[in-house]
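The values are calculated or read from the model by the stated rules, or taken from the named source; none is laboratory data. The model shown is predicted, which means the values in this text are computed figures rather than measured ones. Here the Cβ positions follow ideal geometry from the backbone for every residue, glycine too, while neighbour counts run over all protein chains shown. Protein only, heavy atoms only, side chains kept; ligands, DNA and RNA dropped before computing areas. Shrake-Rupley method; radii C 1.70, N 1.55, O 1.52, S 1.80 Å.
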Amino acid sequence: MILYPAIDLKDGQAVRLLRGEMEKATVFNADPAAQARAFEEAGCEWLHLVDLNGAFAGEPVNGSAVEAILAATSVPAQLGGGIRTMATIETWLGKGIARVILGTVAVENPDLVRAAARAFPGQVAVGLDARGGRVATKGWAEQTDLSATDLARAFEDAGVAAIIYTDIDRDGAMGGPNVAATAALARATAIPVIASGGVSSLADLVRLRDTGVVAGAISGRALYDGALDLREALAALA
């Protein structure tokens, strides 16, 4: 199971939100590129980047911070937030992002996800952000009636590289991930599932790994707060 350290970008800084609320942002590093370098030096295999402003704006906002991270590191990075057109997908992949994450557009324009996955095999992931099992979009500001499982299954034949499943109620709350829901989703689809939201201890990572079906886990606040030591976690998962 791959551990993805998260760098959430708001106004050019590395922050963490509590349950997706922009007004509840804690700044952890004013220099996201330095933070990315520190994660790479600790031995991570991937980085998980989110343009929070972009998720609300519907277009990239923290582009310069993302580019600085790409320039400062050599590990692959996946990026979500405000990526809603083929042109934006092409731009980010051209700049060196290894994988784009499509969230809102997966609900509103699934044909674009399919076209992108065909055009860029292995480089397109779907972000499923759920509250009470129902998918939320536009930076989690809008709730849909769509179940996460149904949306995941809709992309079974699309060639999507991964599904990033976030339990919004657990995100940034340090209360542990929703292991049961994540494992159930992973069993319901053939697409690799990456867990996000509430991953806050080594025990959480071990529980996810021991399901035998979860392909990866994203952690942010726990790494910044020191509740999770990245080197130790990577060694345990190895």
So P76 fits all but one of (1) within 23 Å of R170 (Cα to Cα); (2) under 17 Å from the mean Cα position of the chain (by Cα); (3) surrounded by fewer than 17 Cβ atoms within 10 Å (Cβ to Cβ); what number is the exception?
(1)
Hey, could you check segment 4-28 for residues that are part of a strand (DSSP E or B) and in contact with a helix residue (DSSP H, G or I) (Cβ under 6 Å, 6 or more places away or on another chain) and say which is surrounded by the fewest Cβ atoms within 10 Å (Cβ to Cβ)?
F28
If we keep only residues of segment 104-129 that are free of Cβ contacts under 8 Å to residues at least 40 places away in the same chain and small (G, A, S), then the residue nearest to L47 (Cα to Cα) is G122
Can you name the condition, by its number, that E90 falls short on among (1) farther than 14 Å from A152 by Cα; (2) open to solvent by less than 20 Å² (accessible area, probe 1.4 Å)?
(2)
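Yes/no per residue for (1) surrounded by fewer than 21 Cβ atoms within 10 Å (Cβ to Cβ); (2) in contact with an Asp or Glu (Cβ under 8 Å, 6 or more places away or on another chain):
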position	(1), (2)
A125	no, no
G133	yes, no
A136	no, yes
A141	yes, no
D145	yes, no
A158	yes, no
A162	yes, no
D167	no, no
D171	no, no
Working only within segment 29-51, note down all residues that are open to solvent by 50 Å² or more (accessible area, probe 1.4 Å) and out of contact with any strand residue (DSSP E or B) (no Cβ under 7 Å at 6 or more places or on another chain).
D31, R37, E41
Here are some residues: A87, A65, A55. Which one is without any contact (Cβ under 8 Å) to a residue 24 or more places away in the chain and among the hydrophobic types (A, V, I, L, M, F, W, C)?
A87
Looking only at segment 209-232, count every residue that is touching a helix residue (DSSP H, G or I) at 6+ places or on another chain (Cβ under 6 Å) and touching a residue at least 40 places away in the same chain (Cβ under 8 Å) and tell me the total.
4
Taking the stated definitions as given, is T144 of a type outside the set (G, A, S), modelled with pLDDT under 95 and in a helix (DSSP H, G or I)?
no
Search result, residues across segment 202-218 that are closer than 17 Å to W46 by Cβ and out of contact with any Asp or Glu (no Cβ under 8 Å at 6 or more places or on another chain)
L205, L208, R209, V214, A215, G216, I218
Quick one: which strands (runs of 3 or more DSSP E) lie wholly within segment 63-132 and hold at least 3 residues that are over 14 Å from I7 (Cβ atoms)?
99-102, 124-131
From the list A148, A152, A162, exactly one residue is touching a residue at least 60 places away in the same chain (Cβ under 8 Å) and over 15 Å from T211 (Cβ atoms). Which is it?
A162
Is there a residue in segment 33-44 that is assigned to a strand (DSSP E or B) and at pLDDT 95 or above?
no
Which of the residues belonging to segment 204-238 are open to solvent by 60 Å² or more (accessible area, probe 1.4 Å), part of a helix (DSSP H, G or I), out of contact with any Phe, Trp or Tyr (no Cβ under 9 Å at 6 or more places or on another chain) and farther than 21 Å from A125 by Cβ?
R207, R231, E232, A235
